[in-house]
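**Student:** Handing you a structure now.
The values are calculated or read from the model by the stated rules, or taken from the named source; none is laboratory data. Predicted model, so just to flag it, every value in this text is computed and none were measured. Cβ sites come from the backbone with ideal geometry, for glycine too, and all protein chains shown count toward neighbours.
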Amino acid sequence: MTDATFYNVLLFAWVVFAAVSFVLLFFVTAPYGRHNRSGWGWQIPSSIGWLVMESPAVIVFGLFFLFGKYSATAASMAFFLLWEIHYVHRTFIFPFRRRAGYKPMPVLIVLFSGAFNVANGYFQGYYLFTLAEPYPAQWLIDPRFLIGAFIFFTGFAINVHSDNTLFSLRKPGETGYKVSTSGLFRWVSAPNYLGEILEWTGWAFATWSLPGAAFAFWTAANLIPRAVSNHRWCRQNFPEYPNDRKILVPFVF
């Protein structure tokens, strides 16, 4: 079996696993954040958990970039930049800006998420920098890359702005949840998730690749059920929660 065949078999299994997870997550909400609950084993402070589980995405993808066959191209450097913009922020900035970073998170969630990031770093990094034919320099002015980069940065801006809106709800020392009416929260319960889905949809366009599309699918498979759970939780816990607020997409869903 060639490397390419082995990779494609693994990628197919990866997509099937995403589809199964999508269905399962509508019935079992991952126990972290507002949905944390007992019975999931040892727990650690959530800021440390975020750092541990997200850092493999920075490291594994970075190693494939450093040691890949086609790392020295302009397109490869652009892909590396897009990826690390998200994951350096998610790993080293986001966790330590949260006012409730000491709240517990199950180690099991950290392990599962860390394993996902190792696998996904492999699928993206090995394909882009070794397995695929090198992208030409002209790729950076190709409409697929330009559209993808625009969608990516739009999603990143929505994601960061929505996180900042949530951070601002809590005063120093506060740990409870509050309802936001600012930004996209006026229309949807989970604009931060919408932003992340847009980011990796943009990545799929910018790389124009099956592993890029698989990652976009995985992101939606993970975050759509989570957004539904958060929306339901808000309706149950805040009697004043706006009835016309959608879950993820303004005016639609």
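**Student:** Among all residue pairs at least 6 apart or on different chains, which show Cβ distances below 9 Å where the first residue, located in region 2-15, is farther than 21 Å from residue 217 by Cβ and touching a residue at least 40 places away in the same chain (Cβ under 8 Å) and the second is surrounded by 10 or more Cβ atoms within 10 Å (Cβ to Cβ) and among the hydroxyl-bearing types (Ser, Thr, Tyr)?
**Tutor:** Correct list of pairs: 3/126; 3/130.
**Student:** Hey, among 22, 17, which residue is out of contact with any helix residue (DSSP H, G or I) (no Cβ under 7 Å at 6 or more places or on another chain) and modelled with pLDDT of 95 or more?
**Tutor:** Testing whether each residue is out of contact with any helix residue (DSSP H, G or I) (no Cβ under 7 Å at 6 or more places or on another chain) and modelled with pLDDT of 95 or more leaves just 17.
**Student:** Scan region 39-74 for residues that are surrounded by fewer than 18 Cβ atoms within 10 Å (Cβ to Cβ), among the hydrophobic types (A, V, I, L, M, F, W, C) and within 18 Å of residue 132 (Cβ to Cβ) and jot them down.
**Tutor:** If the condition is that a residue be surrounded by fewer than 18 Cβ atoms within 10 Å (Cβ to Cβ), among the hydrophobic types (A, V, I, L, M, F, W, C) and within 18 Å of residue 132 (Cβ to Cβ), then 63, 66, 67, 72, 74 are the ones that fit.
**Student:** Among the residues of region 27-38, which ones are hydrophobic (A, V, I, L, M, F, W, C) and surrounded by 12 or more Cβ atoms within 10 Å (Cβ to Cβ)?
**Tutor:** 30
**Student:** Let me ask something additional. Please verify whether residue 233 is out of contact with any Ser or Thr (no Cβ under 8 Å at 6 or more places or on another chain), farther than 30 Å from residue 80 by Cα and assigned to a helix (DSSP H, G or I), treating the condition exactly as stated.
**Tutor:** When the stated conditions are applied, residue 233 passes them.
**Student:** State whether one or more residues within region 147-157 are without any contact (Cβ under 8 Å) to a residue 40 or more places away in the chain and closer than 20 Å to residue 84 by Cβ.
**Tutor:** The answer is yes, given that some residue of region 147-157 is without any contact (Cβ under 8 Å) to a residue 40 or more places away in the chain and closer than 20 Å to residue 84 by Cβ.
**Student:** Residues in region 1-33 that are hydroxyl-bearing (Ser, Thr, Tyr) and either in a loop (DSSP other than H, G, I, E, B) or under 16 Å from the mean Cα position of the chain (by Cα) (or both): how many?
**Tutor:** In the first step, residues of region 1-33 are kept if they are hydroxyl-bearing (Ser, Thr, Tyr); the result is 2, 5, 7, 21, 29, 32.
If we keep only those that are either in a loop (DSSP other than H, G, I, E, B) or under 16 Å from the mean Cα position of the chain (by Cα) (or both) as well, we get 2, 21, 29, 32.
The number of residues fulfilling the criteria is 4.
**Student:** Mind telling me which of the residues 204, 213 ends up being over 19 Å from residue 94 (Cβ atoms), at pLDDT 95 or above, buried (at least 21 other Cβ atoms within 10 Å of the Cβ) and of a type in the set (A, V, I, L, M)?
**Tutor:** Result of the check over 204, 213: 204.
So that you can scan it fast, the table gives a plain yes or no per residue for (1) among the basic types (Lys, Arg); (2) in contact (Cβ under 8 Å) with a residue 60 or more places away in the chain:
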{"position": "203", "(1), (2)": "no, yes"}
{"position": "208", "(1), (2)": "no, yes"}
{"position": "226", "(1), (2)": "yes, yes"}
{"position": "237", "(1), (2)": "no, yes"}
{"position": "243", "(1), (2)": "no, no"}
{"position": "251", "(1), (2)": "no, yes"}
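**Student:** Follow-up. Could you list, in sequence order, all residues of region 96-124 that are assigned to a helix (DSSP H, G or I), at pLDDT below 95 and in contact with an Asp or Glu (Cβ under 8 Å, 6 or more places away or on another chain)?
**Tutor:** 97
**Student:** Okay, next question. So, residue 167, is that one out of contact with any Phe, Trp or Tyr (no Cβ under 6 Å at 6 or more places or on another chain), over 28 Å from residue 15 (Cβ atoms) and not aliphatic (A, V, I, L, M) or not?
**Tutor:** For residue 167, the condition - out of contact with any Phe, Trp or Tyr (no Cβ under 6 Å at 6 or more places or on another chain), over 28 Å from residue 15 (Cβ atoms) and not aliphatic (A, V, I, L, M) - is met.
**Student:** Would you say residue 171 is out of contact with any helix residue (DSSP H, G or I) (no Cβ under 8 Å at 6 or more places or on another chain), modelled with pLDDT under 95 and either surrounded by 21 or more Cβ atoms within 10 Å (Cβ to Cβ) or not in a helix (DSSP H, G or I) (or both)?
**Tutor:** Considered against the rule, which asks whether it is out of contact with any helix residue (DSSP H, G or I) (no Cβ under 8 Å at 6 or more places or on another chain), modelled with pLDDT under 95 and either surrounded by 21 or more Cβ atoms within 10 Å (Cβ to Cβ) or not in a helix (DSSP H, G or I) (or both), residue 171 comes out as yes.
**Student:** Among the listed residues 59, 44, identify the single one that is under 30 Å from residue 138 (Cα atoms), β-branched (Val, Ile, Thr), touching a residue at least 24 places away in the same chain (Cβ under 8 Å) and not in a loop (DSSP other than H, G, I, E, B).
**Tutor:** None of the others qualify; the one that does is 59.
**Student:** Do we have residue 185 as modelled with pLDDT of 95 or more, in a helix (DSSP H, G or I) and either in contact with a helix residue (DSSP H, G or I) (Cβ under 9 Å, 6 or more places away or on another chain) or charged (D, E, K, R) (or both) here?
**Tutor:** It is false that residue 185 is modelled with pLDDT of 95 or more, in a helix (DSSP H, G or I) and either in contact with a helix residue (DSSP H, G or I) (Cβ under 9 Å, 6 or more places away or on another chain) or charged (D, E, K, R) (or both).
**Student:** Would you point out the residue of region 103-146, among those that are of a type in the set (S, T, N, Q) and either crowded, with 21+ Cβ neighbours inside 10 Å or within 14 Å of the chain's Cα centre (by Cα) (or both), that is nearest to residue 14 (Cα to Cα)?
**Tutor:** Step one: list which residues in region 103-146 are of a type in the set (S, T, N, Q), which gives 113, 117, 120, 124, 130, 138.
Going one step further and asking which of them are either crowded, with 21+ Cβ neighbours inside 10 Å or within 14 Å of the chain's Cα centre (by Cα) (or both), we end up with 113, 117, 120, 124.
Values: 113: 14, 117: 12, 120: 9, 124: 12 Å.
Within region 103-146, the match that is nearest to residue 14 (Cα to Cα) is 120.
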